[in-house]
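The values are calculated or read from the model by the stated rules, or taken from the named source; none is laboratory data. Please read all numbers here as calculations on a predicted model, not as lab measurements. Cβ atoms come from the backbone with ideal geometry, glycine included; neighbour counts cover every protein chain shown. Please note that ligands, DNA and RNA were not included when accessible areas were found on the heavy atoms of the full protein model with its side chains. Shrake-Rupley method; radii C 1.70, N 1.55, O 1.52, S 1.80 Å.
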Amino acid sequence: MIKVKQAVIVEGKYDKIKLSSIIDGLIITTDGFSVFKNKDKIELIKKLAEKDGVIILTDSDSAGFKIRSYIKSCTQNGRVINIYIPDIFGKEKRKTALSKEGKLGVEGIPSDIIIEAFKKAGVSADDISSGSKEEITRIMLFEDGFIGTEGSENKRKKLLKYLSLPQMLSTNGLLEILNTMFTIDEYRKAVTEISKN
């Protein structure tokens, strides 16, 4: 399994499922073309690109290239690594027909080819997370009153606002983002600042 510090951006949930078996890291879906209208998601991608960089891995069809180009144009102040999969013609097992261009998407590409694509893009030892950092956990979120307690939803919204994160993040999404973008000290500072208000 490849452990990456950058967030990896893919098109859909099946791509995310596929990639989850190959990489250890944050995976964000664009939900196809809906990313063009989702300002919160683009802001999040911008922040991730500026912090540690992002990896874009879309399908090799025209739709994938449009999405890739859009994200690249939105993240000019950050670091973007493009990973390309080869044109392999066929259809994914779950589908009844070929895609419009007849090419396999990320979900249908064999894992070894995706791993090779990461290597070709230069995602190497320099990009692999080294050492271990203290993780922010669900228990911390509970103890700090962000989940499972009276008023936790409002407190969680304050945290999201303070950290300039999308208000619609799920608890799991929040945990992933906190552990990708922030240190434990930055999290604790945010908790302290929110408690003052």
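Some points to look at:
- Distance violations [Cα-Cα > 25 Å] among Lys41/Lys93; Lys72/Lys120; Lys3/Lys93; Lys41/Lys66; Lys41/Lys196; Lys3/Lys39: Lys41/Lys93; Lys3/Lys93; Lys41/Lys196; Lys3/Lys39
- Scaled radius of gyration (Cα, divided by 2.2 N^0.38 Å) that the stretch 1-74 gives: 1.02
- A simple spin-label model places pseudo-atoms 7 Å from Cα toward Cβ; at Asn154 and Lys93 they are separated by 4.9 nm.
- Trypsin sites (Lys or Arg not before Pro) within the stretch 1-75: DSSP coil, no more than 13 neighbouring Cβ in 10 Å: Lys37
- Semi-axis lengths, largest first, of the ellipsoid equivalent to the stretch 55-197 are 38, 18, 15 Å, with √(5λ) applied to each eigenvalue of the Cα gyration tensor.
- For Ile23, distant residues with modelled amide H under 5 Å away: Ile2
- Across the stretch 88-98, rounded Karplus estimates of 3J(HN,Hα) from the backbone phi angles (6.51 cos²θ - 1.76 cosθ + 1.60, θ = phi - 60°) give 10, 8, x, 10, 5, 4, 6, 8, 8, 9, 5 Hz, Gly and Pro being marked x.
- In this simple spin-label approximation, Lys13 and Lys120 carry label points 7 Å from Cα along the Cα→Cβ vector, and these lie 3.0 nm apart.
- Note on the chain: GNM, Cα springs under 10 Å; of Asp52, Asp185, Asp24, the largest mean-square fluctuation is that of Asp185.
- Candidate residues Asp112, Asp61: accessible-area rank, largest first, probe 1.4 Å: Asp112, Asp61
- Rounded percent of accessible protein surface that carbon and sulfur make up, the chain, 1.4 Å probe: 51
- Kirkwood's formula applied to the C-alpha pairs of the stretch 34-126 gives a hydrodynamic radius of 14.4 angstrom.
- Surface exposure of the stretch 25-128, expressed per residue as accessible area with a 1.4 Å probe, stands at 53 Å².
- Counting only protein chain heavy atoms and rolling a 1.4 Å probe, the accessible areas of Tyr187, Tyr162 rank, largest first, as Tyr162, Tyr187.
- Couplings 3J(HN,Hα) of the stretch 102-109, computed from phi: x, 9, 6, x, 3, 4, x, 7 Hz, in residue order, whole Hz [Karplus 6.51 cos²θ - 1.76 cosθ + 1.60, θ = phi - 60°; x for Gly and Pro].
- Most to least accessible of Asp144, Asp15 (protein chains only, probe 1.4 Å): Asp144, Asp15
- Using Cβ point charges alone (K and R +1, D and E -1), the dipole size of the chain about the Cα centre works out to roughly 500 debye.
- Sequence-distant residues sharing a close amide H with Val54 (under 5 Å, placed H): Arg79, Val80, Ile81
- Residues Asp24 and Glu101, FRET efficiency given R0 of 30 Å [Cβ-Cβ distance, rounded to 0.05]: 0.45
- Within the assembled protein chains, the solvent-accessible surface assigned to Glu50 is about 110 Å², based on a 1.4 Å probe.
- Within straight-line cross-link reach of Lys189, lysines at Cα separation under 21 Å, skipping those fewer than 8 residues along the same chain: Lys47, Lys51, Lys133, Lys155, Lys157, Lys158, Lys161
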